[in-house]
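Step one of this worksheet: look at the structure below.
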Amino acid sequence: MKYERALLEDWMRDFYYDADFDLGSSGVECITFGDLRKTANISLNELDQIVLKDSDSFGGESLREVIAKRWGDNNPEHVMVTHGSSEATYLILNSLLDAGDEVVVLNPSYHPLVSIPEKIGCDISFWNMDSDSGFSVGMEELRELMTDKTKMLVLNFPHNPTGVTITLKQYHEILSIVSEVDAYLLWDGAFADIVYDTDPLPNPLIYYKKSISTGTFSKSFGMPGLRFGWCTASREVLEKLVPLRDRLTLHLSPLTEFLAEKAILCIDEILKNKRLQAKENLKVLEAWISLHSETITWAKPAGGVAVFIKFKGITDTESLCKDLGERWKTLLVPGKCFGYPEYVRLGFGDNQAKLIGGLKVLEEYIQKIYLTEEEDHTHNSIHE
């Protein structure tokens, strides 16, 4: 089973590391190890005491306890820690699905949620978000897609790349729909902790035993380099992940587990700063877009720190994003990476000074584009 290269990851490799302004990433500003040590009150003596031995396949008990209390159903037996949520996603999809299984996936989606079931040989149906109404979702459309043959429903809210989320009423309706056909529900909760005008949605496992939720330090907490994630599910489901994990990573480093547990114990303080930064950055972005409403359209995000935006008259943003990356050292992600070439993913999670700097570059660039178009139009009109 061989995979093609992932467009999104290739794009990030090409333009992320050299960018002066990051307007493409979907996570908050990263913290330093010093920041974490200070916030979590980690001493050098504690670090010196860590024994670099093998860890439990599911994760240390005390670590699973704090995850279960914070993001799960209070049962540590329903938690497995992983190398980011990417490993969790890979384990879940490859362990629970077989060729020919029917899977319903939200569209657009983060690429592994689609490419892995495709490579397994699943029959995929897409629950398409309505781009004409701010990427909203239709419950009737979902109900029509779900059948007695559906093996799994794959969702991500708050959504990457649009920032859209669902209401609590819609959430419970989804649980009702998936339970009626007795399908698995894979719930990607990477952005669950950053929402703007509502409370975070609860873990579906609390209400539906065939739910599997994934979480990560990468998006809402500013620690992607720790490569720490988890999944919560019934013990029966988690046991099904073990054979594949035994052939991949086996377990996490005890150093990673130690730092992760320390971080979770002070996660409210970390999250408080990240939520405040996200809200203030969203205000900056909203004001900026309002100044360019004649050329840019968007749907204000309800969660996360990324949004899909559309430039008037541009049907494929790849060359625009490439030019910005190569010549202007500013990262934007073309919508092609999500199957929507007319859009770009704009991330606003970086520190505010860099966000403003990046928006100034983007403003200068789009003014150049549309001014050139107007000049060309005027020139052509004169000579008609």
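Values in this text are rule-based calculations from the coordinates and carry no lab data. Everything quoted here is computed from the prediction, not taken from an experiment. Backbone-built Cβ (ideal geometry, glycine too); neighbour counts: all protein chains shown.
Rounded, prolate or oblate for the range 200-254? Axes are the square roots of the Cα gyration tensor eigenvalues, ordered a ≥ b ≥ c, and the cut-off for rounded is a/c under 1.5. Here the range 200-254 falls in the oblate category. For a Förster distance of 30 Å, can you work out the FRET efficiency between the beta-carbons of D199 and K2, rounded to the nearest 0.05? Once the sixth-power term is evaluated, E becomes 0.10. Answer rounded, prolate or oblate for the range 78-158, using the Cα gyration tensor with square roots of eigenvalues a ≥ b ≥ c: rounded when a/c is under 1.5, else prolate when a/b is larger than b/c, else oblate. Oblate shape, in that a/c is at least 1.5 and b/c is the bigger or equal ratio. Distances between placed amide hydrogens fall under 5 Å for D123 paired with G100, D101, E102, V103, all partners being 5 or more residues away or on another chain. Of the GluC sites (Glu not before Pro) found in the range 50-99, no site is in coil according to DSSP while having at most 14 other Cβ atoms within 10 Å of its Cβ. Counting beta carbons within 10 Å around each of W328, W187 and listing the fewest first gives the order W328, W187. With a cut-off of 10 Å between beta carbons, the residues surrounding E342 carry a summed charge of +1, where Lys and Arg count +1 and Asp and Glu -1. Summed over qualifying helices (DSSP H, 4 residues or more, each -39500 (n - 2.57)) and divided by its residue number, the chain shows a 222 nm mean residue ellipticity of -13500 deg cm²/dmol. Centre-to-centre separation between the Cα atoms of the range 143-184 and those of the range 34-52: 40 Å. When the Cα positions of S43, L201, T32 are compared along the charge dipole of the chain, S43 comes out farthest toward the positive end, with charges on each C-beta of Lys, Arg, Asp and Glu.
Over the range 33-267, Cα pairs under 8 Å with separation of 6+ residues give a relative contact order of 28 percent. Taking other C-beta atoms within 10 Å as the exposure proxy, T214, T150 rank T150, T214 from fewest upward. Springs join every pair of Cα atoms under 10 Å in this Gaussian network model of the chain, and among G222, G34, G60 the largest mean-square fluctuation is at G34.
Charged side chains reduced to their Cβ positions (Lys and Arg at +1, Asp and Glu at -1) give the chain a dipole of some 940 debye around its Cα centre.
Against the chain, whose longest principal axis is taken from its Cα atoms, helix 61-71 shows a tilt of about 50°.
Classify the range 161-302 as rounded, prolate or oblate from the Cα gyration tensor: take a ≥ b ≥ c as the square roots of its eigenvalues, call it rounded if a/c is under 1.5, otherwise prolate when a/b beats b/c and oblate if not. Cα axes put the range 161-302 in the oblate bin.
Across the options G313, S136, N351, the greatest Cα extent toward the positive end of the charge dipole of the chain (unit charges at beta carbon of Lys, Arg, Asp, Glu) belongs to N351. Note on Y343, Y17: ascending count of other Cβ atoms within 10 Å places them as Y17, Y343, the fewest first.
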